[in-house]
Amino acid sequence: MEDQMREVVDQAKASFKAGKLKSYEQRCNYLLQIDKFLKEQEQAIRAAQKADVGKTHAEVTISEIMVSRAEVTHCLDMMKSWMSPQKVSKPLTFIGDKTYIQSQPYGVVLLIVPWNYPFYLLFSPLCGAIAAGNCVVIKPSEVSVESEKLVRENLNKYLPRDCFPVVCGGPKETTALLKQRFDYIFFTGATSIGRIVMKAAAEHITPVTLELGGKSPTFIHESSDLQCVANRIIANKAQNAGQACISFDYLLCTKEIQDKLVVAMVKSIETFFGDMQSSESYGRIINERHFDRLVRIKTNTKGTIAIDCGLDKSELFMGLTVVTDVRDDDDAVLQEEIFGPILAIVPVSGLQAAIDFINEREKPLAAYVFSKDKSVIREFEENTSSGAMVANDSIMNMTVSTLPFGGVGESGIGAYHGKFTFDTFSHKRAIMHRKQAMEAVNMKMRYPPFSEATTRRLTSLLFKTQDSTNFVSFQGIGMVLLGLVVVVGALLYRQ
């Protein structure tokens, strides 16, 4: 197995060294091929996702296909600018020199894709990796069976296998892959697996991006329109049957708001779905193992099940479940990321209690606050830490390509989306070009034998410190003239 994986990686390394993604035109071509895949395989993608998790036509179109195509377009529109050398400011001493940042591809990237959004979470990082000029070894999740099959059988009809090999399988194949030496590893998945990936990366000091999860909290303030809040919470929690890393995990509000919110949620569910099991707008749990895990959480909670939209293991159907009056940290709904259609409500006395509750736990991937009071939103924003924060909505930040997406602490390392993806897969190389000139000045300023006076002059030209002004006044006009000599000499030489 390891020999097989080594062969795959070595082929990708050979393709990278051969310069198959070196030029702007080559990268554009591969991005256009991804767009072609998404257009030509659109119906197959919908069918695969319907089979895997029961996603609706609209959900697949928006959250898998169109958002991926938008990523392609954004990269094509901006890539030439991203690839260009980035000029930087410099001290006056270096006015005759070139200084800039060059974005270099790392080389061969390992991209480990999760099962819950198997196309968007493949193509979003893949587009940025290609824009940055990397070859990519793609490991789709074996959990989303039909989606994995579609990628395995079709992606390399559009992207060359030597540059973008698709490696399928389970933990055994992933373990063998992680033993290979990559130039970068990008992983999206559970925190527990993220630790394994990071440990494997450490063997070769390989840089990583870890897009993990966590329990994303939501505070609901008394100033809110509770029906609006309920609509947005239910719509988010129902998406992909709650199987999303930035889905609402638990709510924090006063007991009074909790009771009113439950009533509003019931109305939202009835309006959106009617009977959830027969609704065409609600999906299914990915497999029996995850279904049984969610049933265990639901069964073992110490809270009150205030809303229960049913279970049917034969269909892997779990309707939305709302658990109220959750108070103990050892409650099943607070022990692990739920990653399903169960929502806990934890009564708190107010904003400060909610902030304290959040800050006593691991930093989440996202934190949400609902309030019409701007001061409440500002207080929440300034006194909590999370990968992202959204006020008065759920995951809409995901659709803004100019915002980074990533975690902090246990919810992840690094960020991507738009230019942030390009930067993630690019080494920022410092470049300086100097000339073989001004040697007389260099000898007096930089070369031995050293003296206190020349050292002081050199440091005053190169470094700005708190006592720089005092030194300038001490040296007087002589230092100014010396600086002018250096500048004028450099300018004359350039001409």
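Using only the Cα atoms of the chain, each taken as one equal point scatterer with no solvent, compute I(q) by the Debye sum, divide by I(0), and report log10 of the ratio at q = 0.07, 0.10, 0.13 Å⁻¹.
-0.49, -0.84, -1.17
Rounded to the nearest 5, what % of DSSP beta bridges with both residues in the stretch 217-399 are antiparallel?
25
When the label point is put 7 Å from the Cα of residue 259 along its Cα-to-beta-carbon vector, which residues of the stretch 312-332 have a backbone N closer than 19 Å?
322-327
Sorted by average packing, counted as other Cβ atoms within 10 angstrom per residue and highest first, what order do 165-177, 455-467 take?
For the peptides 165-177, 455-467, the packing ranking is 165-177, 455-467.
Give me the distance in nm between label points sitting 7 Å out from Cα along the Cα-to-Cβ direction at residue 353 and residue 66, one decimal.
4.2
Mind checking the full-extension length gain between residue 161 and residue 57? Use 0.36 nm per residue of separation minus the Cα-Cα distance, one decimal, nm.
Gain in length upon complete extension: 34.4 nm.
Calculate how steeply helix 2-17 sits against the longest principal axis of the alpha-carbon atoms of the chain, using the helix alpha-carbon long axis, and give the answer as 0 to 90 degrees to the nearest 10.
Between helix and principal axis, roughly 50 degrees.
Under a crude label model (7 Å from the Cα following the beta-carbon direction), how far is residue 235 from residue 80 in nanometres?
3.8
For the charge dipole of the stretch 217-399, defined by +1 on Lys and Arg C-beta atoms and -1 on Asp and Glu C-beta atoms about the Cα centroid, which residue among 221, 276, 322 has the Cα displaced farthest towards the positive pole?
Working it through, the farthest residue towards the positive pole turns out to be 276.
Report, to the nearest 10°, how far helix 145-154 tilts away from the longest principal axis of the Cα atoms in the chain, using its own Cα long axis and a range of 0 to 90°.
With rounding to tens, the tilt is 50 degrees.
When a/c is below 1.5 the answer is rounded, else prolate if a/b is larger than b/c, else oblate, so apply that to the stretch 7-85 with a ≥ b ≥ c taken from the square roots of the Cα gyration tensor eigenvalues.
Verdict is oblate for the stretch 7-85.
Could you work out how much longer the chain between residue 288 and residue 172 gets when fully extended? Use 0.36 nm per residue separation minus the Cα distance between them, nm to one decimal.
That works out to 39.7 nm of additional length.
Going by Cα centres, the stretch 183-198 and the stretch 449-469 are how many Å apart?
47
Working out 0.36 nm times the residue gap between residue 271 and residue 88, then minus their Cα-Cα distance, what length gain in nm do you get to one decimal?
Numbers: separation 183, 0.36 × 183 = 65.88 nm, distance 5.52 nm.
Fully extending the segment from residue 271 to residue 88 adds 60.4 nm.
Rank 140, 61, 418 by how far each Cα sits towards the positive end of the charge dipole of the chain (+1 on Lys, Arg Cβ; -1 on Asp, Glu Cβ) and give me just the farthest.
Ranked along the dipole, the leading option is 418.
Step through the residues of the stretch 201-208 one at a time and calculate ³J(HN,Hα) from phi using the Karplus curve (6.51 cos²θ - 1.76 cosθ + 1.60, θ = phi - 60°), rounding each to whole Hz and writing x for Gly and Pro.
5, 5, 4, 10, 6, 8, x, 9
Can you give the FRET efficiency for residue 102 and residue 361, using 1/(1 + (r/R0)^6), R0 = 35 Å, r = Cβ-Cβ distance, to the nearest 0.05?
Values: r = 41 Å, r/R0 = 1.18.
Computed FRET efficiency for residue 102 and residue 361 comes out at 0.25.
Kindly list the residues of the stretch 164-202 that lie in the label zone of residue 4, defined by a backbone N under 17 Å from the point 7 Å along the Cα-to-C-beta vector.
165-180
For the chain, find the longest principal axis of its Cα atoms and tell me its angle to the long axis of helix 452-462, 0 to 90°, nearest 10.
50
Each residue of the stretch 421-427 in turn: what ³J(HN,Hα) in whole Hz from Karplus with 6.51, -1.76, 1.60 and θ = phi - 60°, glycine and Pro shown as x?
Ordered by residue, 3J(HN,Hα) equals 5, 4, 5, 4, 9, 10, 7 Hz.
Please give, to one decimal in nm, the separation of the simple spin-label points placed at residue 389 and residue 203, each 7 Å out from Cα toward the Cβ.
In this crude spin-label approximation the distance works out to 4.0 nm.
Residue 95's amide H: which non-local residues (gap 5+, or another chain) put their own amide H closer than 5 Å, with H modeled 1.01 Å from N in plane and none for Pro or chain starts?
Under 5 Å from the amide H of residue 95 lies no amide H from a residue far enough along the sequence or on another chain.
Once the dipole of the stretch 386-476 is set up with Lys and Arg at +1 and Asp and Glu at -1 on Cβ about the Cα centre, which of 386, 443, 453 lies farthest towards its positive end?
Towards the positive end, the residue furthest out is 443.
Report ³J(HN,Hα) in whole Hz for each residue of the stretch 258-267, in order, from the Karplus equation J = 6.51 cos²θ - 1.76 cosθ + 1.60 where θ = phi - 60°; Gly and Pro get x.
Once θ is set to phi - 60°, the couplings for the stretch 258-267 become 3, 5, 6, 5, 4, 4, 5, 5, 4, 4 Hz.
How big is the gap, in Å, between the Cα center of the stretch 67-104 and the Cα center of the stretch 376-391?
Measuring centre to centre over Cα atoms gives 31 Å.
Residues in the stretch 60-98, backbone N under 16 Å from the label point at residue 29 (7 Å along the Cα-to-beta-carbon vector): list them, ranges by number please.
Backbone N within reach: none found.
Residue 40 to residue 464: FRET efficiency via 1/(1 + (r/R0)^6), r the Cβ-Cβ distance, R0 56 Å, to the nearest 0.05?
Given R0 = 56 Å and the Cβ-Cβ separation, E is 0.45.
Let's see if you can work this out: charge +1 on each Lys and Arg Cβ, -1 on each Asp and Glu Cβ, no other charges. What is the dipole magnitude of the stretch 217-399 about its Cα centre, in debye to the nearest 20?
Its charge dipole is roughly 240 debye.
For the chain, what is the charge dipole size about the Cα centre, in debye to the nearest 20, if Lys and Arg each add +1 at the Cβ and Asp and Glu each add -1 at the Cβ?
2680
Coordinate-derived values only; no laboratory data. Just so it is clear, the model here is predicted, and its values are computed rather than measured. Ideal geometry is used to build each Cβ from the backbone, glycine not excepted, and the neighbour counts take in all protein chains shown.
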